[in-house]
Structure formats: structure tokens, C-alpha cells
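Shown next, in C-alpha cells, is the structure this report addresses.
The values are calculated or read from the model by the stated rules, or taken from the named source; none is laboratory data. These figures come from a predicted structure and were not determined experimentally. Backbone-built Cβ (ideal geometry, glycine too); neighbour counts: all protein chains shown.
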Amino acid sequence: MTLLTLILLAHPALAQDRVIKMDGTTASGVFVSATVDEVTLRKGKVSSVIRASDVFSISFSSIPTALQKARAFVAKQDFQNAIGQFGFASEQEGSTWLTQLALLEKAEAFLTWSVFDPAQAQESLNAFRHWTATYPDHFWGPRAQIGLARATAAAGEMEEAVRLLQEVADLAFSRNLGRHLEAQAKVARCQVYLAAGKATLARQRLEGPGGLVATLNEQGGDVQTPRMVRSELAHHLATAQVLLGDCVENLDGLQGAKRYWEGLLNQRGSLTPDVEGAGIIMLARTAKEAGKPRQAQLLLAKVTATLMTSPEIQARALFHLGEVSEELDNNPSPGRFYYEEILRSFPSTLWAAKARTKLGR
């Protein structure tokens, strides 16, 4: 037990909720409420109101056991128990924010579950609709509506999903809630297009001087952009660059995607590990297609061993390592070893479902 933990246990009043502001500074107190206009904290008998446009995120002093258990169940892909725990957490008395957060994460758990079981998409849709109707002006509203849009797309209603995401982008812009929220909605819209087989539409939104990739690159380099927002924009830029590569592959094949990634990799000093990793994975795949599986294997191993990438990119590399190993007669490791590693270490990624199929589960 750390000294800080002992101090907080001895003086519980010191353990306070925090609001992290766009400029990186914080405000602390007891969380009271949060809307798209303002966030309210209380210290003793004094309340302080912070404009929502100045708020990056909210951090709570402690997370109840029920919510911790629910999150642990999601991490293990035990969705049925996770849903039950989220429901239990939402019914606990004495904390309005806990009910709001537990119900939101319950909807998100249904959405993750739908990757493995498409029948859960409707449950996710119902849960998000209930949340947004119950808390229409909540600070977490944009997060919930992005989830609602993803669930709507998973249920096969692409045009409605696109409309919902445009609403989020418009709200973020009109209320000055941060460019990162607007960017998240626009990236999600391109993901919806690609998943629905509309790669051309996604590519048009992402590519070119006025496209999302160029816009995010410019915004992220703007010194007037708040520090916390710049970090989020860098993340969304990386996602958009990888997504554009997927669109190019969908439309122009592996060789077209190889040209795209080679152009990006020439800018290696300015790339995030995710983008560099995705580019190397594409070079590995083209090497495999050219009859050079050993070269492909070495490139993929470089991604998993040397680059600090996100779970999604790590899982992508492991999946293709599995396929290459199978082509090399399971040498030096069986292909299934890599698929099992995805399920063990990166169970919430899209590649986990593909790994399950490879393993016949």
C-alpha cells in the first residue's frame, strides 16, 4: 500500500474528484453534475462551475467495486456477467454519476459483445437509445451518441449512423467542446462507411488537401490548440491514416496500398508507432504475396517486438504472423500460437473475432 493511499484512507476528504481542463490544469472537489454547458464541483459548502468547453475529462476519486468487476468481465470477454454487474452498479444508491456511467458502459459492453455475437447489436442500440433519452444534455452525451451511431451501423442502418455522427460533429463545433470530439465523430463516420462497403466515400472524406487526414495534421500542429486536445488529435490522425490505408487497399489492392504506405513511411520521423506499425504490416503482406514469407515474418516480428503500438495494431500484426507461420509449416511457432495470443492479450480488438474463426471457436 502506498503512502498516498494511506493518507487518503486516513483523511477521506482529501480524495476528491477532478476535472481535467483543456489546458492540462485540474480542478478538484466533489462531482455534482455535468452538462454540455457546464460542470459543477463542490468543496465543502462552496460550488464551482466550469464551462464545459474548458473541460477535457472528469476523473473520479474512487470507482465502486461493482463497476470494477464489470470492467474486468469485459476485459475477459465475459459479457453476460459484465452486463449483470453494470446493471447492479447502476442500481446502487448514493451516487448519481455512478448510475450514469454504469449505464453508459453497459451500452458500450453490448456494443463490444456484438463484434462476437451480432444479435447483441440490437441490445446495444436499445441501451444507447435509453441513455441518450434519459440524459439528453449530459457532458457524456457526445460519447454516448458516437456509441449509438456505431450500434446503429452494426444493426445495418448506415445512413442513420452517419446522420447521428454528423450531429455529434455539429454539436462539438457549435458548443466549442473541442476539436477532438469533432474529429472522433468524423473518423467514426469514415469507419462506418468502410464497414458498410462504401470505401470510396470513406476515402473521399479522408484524402486530399481538404480531407480529414490533412485537416487533423494541420490542427494538431496549431500552437493555439489546447495541449490535451493536441494529444487526442494525434491519436485520431493516426487512426485516420491507418483507415485511409485500408480504404486504398480495398479499392486499389495490395500494390496500391503498398505505394500509399511507402509514401508515409518515408516520413518516418513524424509518424506515430501505430502508423509505422501498420505500414510495416502492409510491407510484410506484400512480401508474403511475392513469395517471400520469411521476409514477411521478420517484418511482422519487428512490429510486435520493437514498436509500442495500440492493441489493434499489435493484434493485426499477430494475426498476419499466424498466417505466415502456417505458410511456413508452423515454423518456428505454430500459427495458432499467435491467434491464441490475440485472444489472451487483445480480446477486445476486431482481430479477436478473426482469431476465433481461425481457431474454429
key: Subset of region 248-295 [of a type in the set (Phe, Trp, Tyr) and assigned by TED's automatic domain parsing to the domain that holds residue 307]   = none
Residue count for region 204-231, restricted to those that are surrounded by fewer than 20 Cβ atoms within 10 Å (Cβ to Cβ), in contact with a Phe, Trp or Tyr (Cβ under 8 Å, 6 or more places away or on another chain) and under 23 Å from residue 192 (Cβ atoms) = 0
key: Condition met for residue 49 (of a type in the set (A, V, I, L, M, F, W, C) and more than 24 Å from the chain's Cα centre (by Cα))   = yes
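Quick test for you: out of 344, 294, 285, pick the one residue that is in a helix (DSSP H, G or I), within 23 Å of residue 75 (Cα to Cα) and either of a type outside the set (A, V, I, L, M, F, W, C) or without any contact (Cβ under 8 Å) to a residue 60 or more places away in the chain (or both).
From the options 344, 294, 285, the qualifying one is 344.
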request  = Mind listing just one residue for me: the one in region 94-128 that is of a type in the set (Gly, Ala, Ser) and in a helix (DSSP H, G or I) and, of those, farthest from residue 192 (Cα to Cα)?
outcome  = 102
note = Exactly one of 113, 131, 97 is of a type outside the set (S, T, N, Q), in contact (Cβ under 8 Å) with a residue 24 or more places away in the chain, surrounded by 15 or more Cβ atoms within 10 Å (Cβ to Cβ) and in contact with a strand residue (DSSP E or B) (Cβ under 8 Å, 6 or more places away or on another chain), and that residue is 97
request  = Scan region 169-224 for residues that are closer than 15 Å to residue 238 by Cα, among the small types (Gly, Ala, Ser) and free of Cβ contacts under 8 Å to residues at least 40 places away in the same chain and jot them down.
outcome  = 211, 214, 220, 221
inquiry  = When you scan region 306-327, do you find a residue that is under 25 Å from residue 353 (Cβ atoms), at pLDDT below 95 and out of contact with any helix residue (DSSP H, G or I) (no Cβ under 8 Å at 6 or more places or on another chain), even just one?
reply    = no
note = In region 320-341, residues that are part of a helix (DSSP H, G or I) and more than 18 Å from residue 295 (Cβ to Cβ) total 5
Positions within region 315-348 being surrounded by fewer than 23 Cβ atoms within 10 Å (Cβ to Cβ) and in contact with a Pro (Cβ under 6 Å, 6 or more places away or on another chain), in sequence order = 327, 328, 346
message = Filter region 61-76 down to the residues that are touching a helix residue (DSSP H, G or I) at 6+ places or on another chain (Cβ under 7 Å) and assigned to a loop (DSSP other than H, G, I, E, B) and list them by number.
response = 64
Identity of the residue in region 274-313, under 19 Å from residue 342 (Cβ atoms) and small (Gly, Ala, Ser), that ends up surrounded by the fewest Cβ atoms within 10 Å (Cβ to Cβ) = 305
